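Accompanying notes for the structure given below.
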Amino acid sequence: MPNPIFDRLFAPLADSPVPFLQLADGATVSGDAFLAMVHRGAGALRALGVRPGDRVAAQVAKTPEALALYGASIAAGAVFLPLNTAYTPTEIDFFVGDAAPRVLLADPAKAGALAPVAARHGAALATLDAHRCGDFRTLCDAQPDRGEVADRDADDLAALLYTSGTTGRSKGAMLSHGNLLSNASALAAEWRFTADDVLLHALPIFHTHGLFVACNVSLLSGASMLFLPGFDLDAILRLLPRATVLMGVPTFYTRLLDDPRFDRDLVAHMRLFVSGSAPLLAETHLAFEARTGHRILERYGMTETNMIASNPYDGERRAGTVGRALPGVDVRVCDPASGAPMPAGETGVVEVRGPNVFRGYWNLPDKTREEFRDDGFFVTGDLGVLGDDGYLTLVGRQKDLIISGGFNVYPKEVELLLDEMPRVLESAVVGVPHPDFGEAVLAVLVPQPGADIDLAAIDAALRERLARYKQPKALEVLPELPRNTMGKVQKNLLRERFAHRFAAG
Ligand code: AMP
């Protein structure tokens with residue numbers, strides 16, 4: 001009986017004595033042992049009442065068991081719903097209420113706070129901790145190493161991933177077996193993954209990047225993973241000699257570059273460095289190449305679409321761009337209002353269509369309809385420019401576009417100039433309410449360590465280089481930019497913080 005993800009990603013682990021996971025403490029989990037964990041997990045889920053189509057929600061630390069839970073949900077025919085470990089019980093209450101999972105997996109330390117949440121929404125609560133223990137583990141240990149696998153087809157849901165919801169409520173993106181597998185195949189081929197690869201995995205596994213991009217691609221190609229509980233600079237420097245590929249968010253790369261131990265010799269043997277989930281500054285790309293001789297491969301995607309575009313494995317990895325549409329994926333840039341395609345070189349909203357694109361938002365059919373064009377393209381909400389040669393450059397989220405006095409200001413254009421200014425480490429440009437202009441451009445600057453920024457000089461330099469309506473009406477200095485776990489700058493927090501900067505009176 002078919003089960004597309006199980007058949008392609010998990011079943012091939014059978015009888016493999018090769019380590020699939022190598023842990024920070026030196027322990028390993030062979031392919032066959034991992035498959036047994038998946039089957040025991042599926043047995044445990046069934047024992048808790050999970051039936052095909054049910055949701056399995058998990059807010060648990062990153063461990064082999066947590067990853068096996070993904071496979072276990074798939075084997076049981078369920079829909080896996082991983083949750084950010086930073087969410088509070090009040091936030092979890094929303095997700096559990098919305099998705100109505102049959103089971104909620106949680107850290108035992110949070111069981112007290114989450115028991116009423118699970119009870120309120122009719123979910124069974126089970127526990128699993130960072131040391132790989134808990135009542136769910138006990139239940140797993142009592143299950144057989146091999147069990148039945150539920151029948152599923154490519155259109156059945158495999159996962160429900162909630163968007164980070166920085167504007168309005170978080171929405172559950174419904175991802176099918178076909179969505180995830182098509183993307184894993186495209187990426188494994190594009191990035192030339194083989195069974196010889198060893199992926200250094202330091203990303204969280206509650207997000208599309210660490211869970212699907214990293215793990216699905218590794219599973220599909222028979223690769224193994226050095227599986228770290230989180231980003232730990234010392235552990236990464238220690239393990240890099242044993243890896244062939246690193247996948248990271250841009251902050252991984254800036255942190256590595258900040259450490260003098262990270263040098264050319266350490267990574268001479270590496271095959272590939274991938275970056276995504278947030279913009280990689282061209283400056284970081286160039287500094288990385290100067291230090292290591294490797295060019296980071298930047299790719300672009302989102303929860304709803306899996307990966308959309310990638311710089312080439314062979315060919316030009318162009319700094320500041322996210323490369324070309326993946327094979328089988330159509331990308332176009334359109335006028336946000338009319339939906340008419342824009343000529344090459346002009347900015348518009350990025351739209352995408354393909355087998356990678358999700359099946360809609362859970363419980364939100366109207367919202368789903370709003371985000372799709374009649375011809376099946378999904379409107380990403382990212383603004384970008386397509387070059388004649390198909391390379392896509394992103395210029396920010398549509399919701400971050402600033403309209404000041406009726407003119408559009410793309411934050412990235414101003415940020416790129418600010419980042420080049422003396423003693424500026426990085427910047428973020430946002431629109432805040434202004435009594436005359438509707439919105440005003442406000443720039444937040446982060447100084448280089450120990451440096452003082454000369455705001456008057458920056459103001460003067462910008463006046464020479466930017467049209468008046470694009471010039472920031474205020475420059476603010478902060479020690480660092482607020483970022484979420486995926487390294488994305490949280491512009492909503494900056495907008496809130498400076499909302500009254502130009503308040504009348
Ligand atoms: P998420 O759904 O959390 O994965 O966030 C998706 C969003 O992250 C996209 O819509 C983009 O705004 C942003 N993003 C992902 N990859 C990149 C990239 N390489 N450069 C710039 N932004 C990116």
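The values are calculated or read from the model by the stated rules, or taken from the named source; none is laboratory data. Everything numeric in this text was worked out from a predicted model, so none of it was measured. Cβ coordinates were reconstructed from backbone atoms using ideal geometry, including for glycine residues, and neighbour counts include every protein chain displayed. When the accessible area is computed, the model is the full protein with side chains, heavy atoms only, and any ligands, DNA or RNA have been set aside. Shrake-Rupley method; radii C 1.70, N 1.55, O 1.52, S 1.80 Å.
Contact map, the stretch 443-465: residues that are more than 13 Å from Leu478 (Cα to Cα) and in contact (Cβ under 8 Å) with a residue 24 or more places away in the chain paired with residues that are assigned to a strand (DSSP E or B) and hydrophobic (A, V, I, L, M, F, W, C), Cβ distance under 8 Å, separation 6+ or inter-chain. Pairs shown: Ile458/Val424; Ile458/Leu445; Ile458/Leu475. Among the residues of the stretch 276-300, those that are touching a Lys or Arg at 6+ places or on another chain (Cβ under 6 Å) and within 14 Å of the ligand (Cβ to nearest atom) comprise Gly276, Ala278, Leu297.
Remark: pairs (first residue in the stretch 301-325, more than 26 Å from Ser164 (Cα to Cα); second residue of a type in the set (Phe, Trp, Tyr) and within 13 Å of the ligand (Cβ to nearest atom); Cβ separation under 6 Å; 6+ apart in sequence or on different chains) = Arg318/Tyr391. Test Ala184 against the stated conditions and say whether it is open to solvent by less than 10 Å² (accessible area, probe 1.4 Å) and out of contact with any Pro (no Cβ under 6 Å at 6 or more places or on another chain). So Ala184 fits the description; yes.
One line per residue, one yes/no per condition, for (1) within 14 Å of the ligand (Cβ to nearest atom); (2) under 15 Å from Asp98 (Cβ atoms); (3) open to solvent by less than 40 Å² (accessible area, probe 1.4 Å):
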| site | (1), (2), (3) |
| --- | --- |
| Asp135 | no, no, no |
| Leu139 | no, no, no |
| Pro144 | no, no, no |
| Val149 | no, no, yes |
| Asp153 | no, no, no |
| Leu157 | no, yes, yes |
| Thr163 | yes, yes, yes |
| Leu175 | yes, no, yes |
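Could you list all residues from the stretch 49-60 that are over 21 Å from Met174 (Cβ atoms) and surrounded by fewer than 19 Cβ atoms within 10 Å (Cβ to Cβ)? The one that is over 21 Å from Met174 (Cβ atoms) and surrounded by fewer than 19 Cβ atoms within 10 Å (Cβ to Cβ): Gly49. Being within 16 Å of the ligand (Cβ to nearest atom) and under 22 Å from Arg397 (Cβ atoms): is that true of Pro472 here? No; evaluated as a whole, the condition is false for this residue. For the stretch 259-268, how many residues are farther than 11 Å from His294 by Cβ and either open to solvent by 40 Å² or more (accessible area, probe 1.4 Å) or touching a Ser or Thr at 6+ places or on another chain (Cβ under 7 Å) (or both)? Number of matching residues: 4.
All of Leu200, Leu246 fail the test of being within 16 Å of the ligand (Cβ to nearest atom), buried (at least 23 other Cβ atoms within 10 Å of the Cβ) and either in contact (Cβ under 8 Å) with a residue 12 or more places away in the chain or among the acidic types (Asp, Glu) (or both), apart from Leu246.
Taken together, Ala235, Ala189, Ala195 contain a single residue that is more than 16 Å from the ligand (Cβ to nearest atom) and closer than 24 Å to Pro355 by Cβ, which is Ala189. Here Pro2 fits the description: in a loop (DSSP other than H, G, I, E, B) and either open to solvent by 20 Å² or more (accessible area, probe 1.4 Å) or in contact with a helix residue (DSSP H, G or I) (Cβ under 7 Å, 6 or more places away or on another chain) (or both).
Taking the stretch 61-146 and the helices (runs of 4 or more DSSP H) fully enclosed by it, the elements with 3 or more residues that are over 21 Å from Ala158 (Cα atoms) are at 89-99, 108-120, 135-141. Within the stretch 441-452, the set of residues being open to solvent by less than 30 Å² (accessible area, probe 1.4 Å) and at pLDDT below 95 comprises just one member, Ala451. All told, Leu256 meets the bar of being hydrophobic (A, V, I, L, M, F, W, C), modelled with pLDDT of 95 or more, open to solvent by less than 30 Å² (accessible area, probe 1.4 Å) and under 20 Å from Lys488 (Cα atoms).
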